[in-house]
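The block underneath contains the structure these notes are about, expressed in structure tokens.
Bear in mind that the values in this text are calculations on the coordinates, not laboratory data. Just so it is clear, the model here is predicted, and its values are computed rather than measured. Neighbour counts run over all protein chains shown; Cβ positions are idealised from the backbone, glycine included.
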Amino acid sequence: MTTSPRMLSKKVLPLIILIICTVVGLAPPAAKEAVTCDTVYDGLQPCLRYVLFGGSVPTGCCNGLESLIASATTTADRQSACSCVKSLASRATDEELSRAASIPGQCGADVPFEISPNVDCSKVP
């Protein structure tokens, strides 16, 4: 099966952005185990294949999401996680965004914000 360069770039671009953000360190400075974009990306990395290609949500994705939720103990942590997810969501296709937004429900997890490029993270409790 041949994949067109355009289709490949749509699938690879979010991964490349994730790697660049991790390397460049676009996360806010860490303070006493604060949730950073690195924390978010590491926790949600097992979800990437599902978001890009569909199928079924892997157990590792649900485990990572639950771990991330458990580590976001303060309002600042939750708002930081929201901002990181919002940044990723802004680069996703509608199909990828739909799959990403379905993950909490499929994992039975309560995420305190909408997975959307339009979410107002300052209002996350």
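Find the centroid of the Cα atoms in region 67-82 and in region 36-60, then give the distance between the two in whole Å.
Distance between centres, Cα-based: 17 Å.
Over the Cα atoms of region 28-105, what Rg and Dmax result, in angstrom?
12.3, 37
By how many nm would the segment from Thr59 to Asp42 grow when fully extended, if each residue of separation counts as 0.36 nm and the alpha-carbon distance is taken off? Intermediate results must be reported in sequence, preceding the final value.
Details: separation 17, 0.36 × 17 = 6.12 nm, distance 1.47 nm.
So the extension gain works out to 4.6 nm.
Can you give the FRET efficiency for Thr93 and Ser67, using 1/(1 + (r/R0)^6), R0 = 22 Å, r = Cβ-Cβ distance, to the nearest 0.05?
Values: r = 27 Å, r/R0 = 1.21.
The computed FRET efficiency comes out at 0.25.
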